[in-house]
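The values are calculated or read from the model by the stated rules, or taken from the named source; none is laboratory data. Here the structure is a predicted model, which is why all the values come from computation and not from measurement. In this analysis, Cβ positions are derived from the backbone assuming ideal geometry, glycine residues included, and neighbour counts consider all displayed protein chains.
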Amino acid sequence: MSFVIAVPEYVDAAATELGRIGSTISQANVLAAFPTTTIAAAGTDEVSVALAALFGSFGQQYQAISEQMTAFHDQFVRNLQAAVNAYASTDAANALAAAGQQVTNAVNGPTQALTGRPLIGDGADGIAPGQNGGHGGWLIGNGGDGAPGAPGQAGGRGGDAGFIGNGGRGGAGGASISRPTSTPLPGGAGGDGGRAWGFGEGGAGGSGGAGQAGGRGGDAGFIGNGGRGGAGGGSIFGQFPLDPTRGGAGGDGGNAWGFGNGGAGGPGGMLADGGRGGNGGFFIGNGGNGGSGGITAFGAAHNDPGLSGGRGGDGGHAFLYGVGGDGGAGGDGAPGGRGALFQSAVNPGGRGGDGGHGGTGGLIGGGGAGGNGGAGGRGSEDLSFGAIDGGNGGAGGNGGIGGSTRLIGPGGFGGDGGPGGRGGNGRIAVDFQGQTHIGRNGDGGAGGNGGAAGSGGIPYGYGGNPTLLQYGGGDGGDGGDGGDAGRGAGAKPGVGGAGGSAGTGGSLYGEDGSGGVTGKSS
């Protein structure tokens, strides 16, 4: 059917001719109706009457069939005429489209020649590994997406948008490069998202390859939201299956310009920091939330302490009207590394990551809440056969500080401190003389401190440290619980973290906020 050509003029002529033929046949049927349906009998005998009735019934049946054929013919002619109209409309639309394309080419030609960028049109997506996306037209157009990177190569950057349009997405970073005799090489970083500058949103950042950061989200136009940051890449594992390194940090969120929200920060890879949230628009807009810090369930395979959890990203700020972004939660610390078989190791668990700070609110708007601290990692428990002490549990991360507000609005609540890690169990051994030796159990980790409350605004709002008229202070975050000691005697339980400081009441009226609750000691 792709080779069939329809000329509307010829089809219209055929439909008209078919209409004339149908009219002629209808007239002939009308003229033949009386002589074929009302046949007189040749005589008065029964045979003549029966033959006349038989031939008359044939005429009546023919007339009924003719009516159906006439209706079918008329419908066929109408369908053919409708097809003529459709073909004519399509040709007219194609002519207009061709004319419009010619106008677009005429307009884009000089702009493309002078600036290397069209006036109207979307940017091309990256094709080759790590290729950047093309920029959209200066007036109207979306940026093209960046291409993913090859192994070890960064992802392509997203193309910028025109005055109206959205920025392109950044490409994902390439995978890590494996090596048979040593630790693999890291992957590629995620590509940054493209920017918008008039009406449109920033592009999202690409996710990072193993061990590399995610791309930054693109900034928004005058009206629009910032792009989210890309997720950080995962860990690069060494020659041993439980010998990880830190992953990549999360990408920062893009900022808004005039009216719009900041982009959220990307989550950190294993044990890596989360990205910072983008700032809200200057006139109206909320700050983006910070990305969460990376966590892990793996400890080091050899005689290494557990790695600390990633810090949560800070929330973005607002300016005139808007709420500050919440800080991201801190990641949990990694367990302490065990010694290899027949090798002793006493390693503490990793410290929990601190929660991110809440973003500052606008002249009208509250501050963001601080992120909660991560839990401390568990102390090591040795695999050897000797009487070995257990490792101490890691301390919990501190809660993030709540964001302040600039004038009117509540200050953000402080984040809760993370719980301390559990101490490792010591091993019991019997020597060749039959004497029993008991390894010391690890101490529990201290709980993290709660975050302080943010400053409230005037004349209304919760939060600490106001300047004049604030009717209530904000609450500080609760301290984290101390970690459990290892089983048996000789170990100390973890100490609970201190609660965050309370917000202060207003200078003219208002009550102070509540201080955070101190964590429980195990």
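Data for the structure
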| quantity | calculated |
| --- | --- |
| Phe298 vs. criteria assigned to a loop (DSSP other than H, G, I, E, B) and either acidic (Asp, Glu) or at pLDDT below 75 (or both) | yes |
| Selection count where residues are at pLDDT 80 or above and within 16 Å of Asp354 (Cα to Cα), scope region 278-295 | 6 |
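Each row is one residue, and each column tells you yes or no for (1) surrounded by fewer than 24 Cβ atoms within 10 Å (Cβ to Cβ); (2) hydroxyl-bearing (Ser, Thr, Tyr); (3) farther than 24 Å from Gly230 by Cβ; (4) modelled with pLDDT under 90.
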| position | (1), (2), (3), (4) |
| --- | --- |
| Gly312 | no, no, no, no |
| Gly315 | no, no, no, no |
| Ala318 | no, no, no, no |
| Asp326 | no, no, no, no |
| Ala334 | no, no, no, yes |
| Gly339 | yes, no, yes, yes |
| Phe342 | yes, no, yes, yes |
| Gly350 | no, no, yes, yes |
| Gly353 | no, no, no, yes |
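Here is a yes/no grid of residues against (1) farther than 30 Å from Gly258 by Cα; (2) crowded, with 24+ Cβ neighbours inside 10 Å:
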{"position": "Ser176", "(1), (2)": "yes, no"}
{"position": "Gly217", "(1), (2)": "no, yes"}
{"position": "Gly227", "(1), (2)": "no, yes"}
{"position": "Gly233", "(1), (2)": "yes, yes"}
